[in-house]
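The values are calculated or read from the model by the stated rules, or taken from the named source; none is laboratory data. Bear in mind the structure is a predicted one, so any value in this text is a computation, not a measurement. Counting neighbours? That spans all protein chains shown, and the Cβs are built from the backbone with ideal geometry, glycine included.
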């Protein structure tokens with residue numbers, strides 16, 4: 001990552017990883033370097049058993065107001081390069097909870113990163129917008145798929161066609177964000193939420209739930225019911241279920257296993273220590 005590492009900061013606080021978009025002089029406007037660094041860090045976190053939840057925020061006064069103006073100007077001449085790039089919705093592939101702490105201006109690509117987070121906390125007074133039609137663009141990066149699922153058809157149509165700016169208070173009323181928090185307490189609230197997940201929820205079960213929410217949207221209730229039963233029967237699930245029940249009965253915090261790296265079978269996780277010789 002070299003000299004581009006500073007555009008997204010990474011700090012692990014216990015089992016919570018905090019990622020900070022870090023171009024405060026530009027309100028953290030999106031660049032190709034920021035994109036690569038952010039997605040790399042998400043991938044690394046997803047494969048790191050010591051990370052159980054992720055919080056993303058912005059440095060300074062903004063979250064991310066969209067593409068940097070210079071990059072946007074170049075794109076109008078050459079067209080955006082999509083070769084060897086992960087999609088802007090790449091965060092949807094993360095198996096671990098992703099919490100957005102929206103501290104300020106959030107628009108365009110910045111709004112997309114908030115939408116693909118699992119939970120959204122927003123600072124009071126922050127401004128949010130899709131902005132695409134006001135730049136002569138269609139609804140980019142699956143926003144026409146994401147928004148109706150979050151806020152309903154009518155509200156999504158309004159926000160996407162008009163590209164208008166809304167304040168945090170309206171965003172909360174519309175269901176676009178989960179909670180409004182005074183700016184000075186935003187990170188504290190997001191971290192408290194993340195820590196609650198870390199301390200009390202099974203990483204395996206949370207990953208399963210995220211997959212279920214994504215898969216079940218277009219399925220019948222019967223198919224969803226059957227799929228949940230199938231997940232319960234998969235190897236390794238009973239271990240966390242047993243721990244969840246026993247810890248509840250014993251009135252102690254659960255000791256759930258970390259999520260294994262991608263590709264590692266759950267029934268062989270965590271790896272057993274070699275016996276001493």
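Determine whether residue 260 is crowded, with 16+ Cβ neighbours inside 10 Å, over 17 Å from the mean Cα position of the chain (by Cα), outside any helix (DSSP H, G or I) and in contact (Cβ under 8 Å) with a residue 12 or more places away in the chain.
When the stated conditions are applied, residue 260 passes them.
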Selection status of residue 222, in the same structural domain as residue 129 (by TED's automatic domain parsing) and modelled with pLDDT of 90 or more:
no
Based on this model, can you work out whether residue 4 counts as surrounded by fewer than 20 Cβ atoms within 10 Å (Cβ to Cβ) and either outside the structural domain of residue 63 (by TED's automatic domain parsing) or outside any loop (DSSP other than H, G, I, E, B) (or both)?
yes
In the stretch 161-169, is there at least one residue being more than 16 Å from the chain's Cα centre (by Cα) and crowded, with 19+ Cβ neighbours inside 10 Å?
yes
Residues satisfying the stated conditions in the stretch 172-181, i.e. part of a helix (DSSP H, G or I) and either in contact with a helix residue (DSSP H, G or I) (Cβ under 9 Å, 6 or more places away or on another chain) or in contact (Cβ under 8 Å) with a residue 60 or more places away in the chain (or both):
174
With (1) touching a residue at least 12 places away in the same chain (Cβ under 8 Å); (2) out of contact with any helix residue (DSSP H, G or I) (no Cβ under 6 Å at 6 or more places or on another chain); (3) surrounded by fewer than 19 Cβ atoms within 10 Å (Cβ to Cβ) as the list, and residue 185 as the residue in question, which single condition is left unmet?
(1)
Looking at the stretch 117-132, can you tell me whether even one residue there is under 17 Å from residue 86 (Cβ atoms) and modelled with pLDDT of 95 or more?
yes
Quick one: in the stretch 121-143, which of the residues that are part of a helix (DSSP H, G or I) and more than 24 Å from residue 99 (Cβ to Cβ) is nearest to the chain's Cα centre (by Cα)?
132
Go through the stretch 241-268 and report how many residues are within 17 Å of residue 50 (Cα to Cα) and in contact with a helix residue (DSSP H, G or I) (Cβ under 9 Å, 6 or more places away or on another chain).
10
Return a yes/no flag: does the stretch 47-66 have any residue that is assigned to a helix (DSSP H, G or I) and either touching a strand residue (DSSP E or B) at 6+ places or on another chain (Cβ under 8 Å) or not assigned by TED's automatic domain parsing to the domain that holds residue 92 (or both).
no
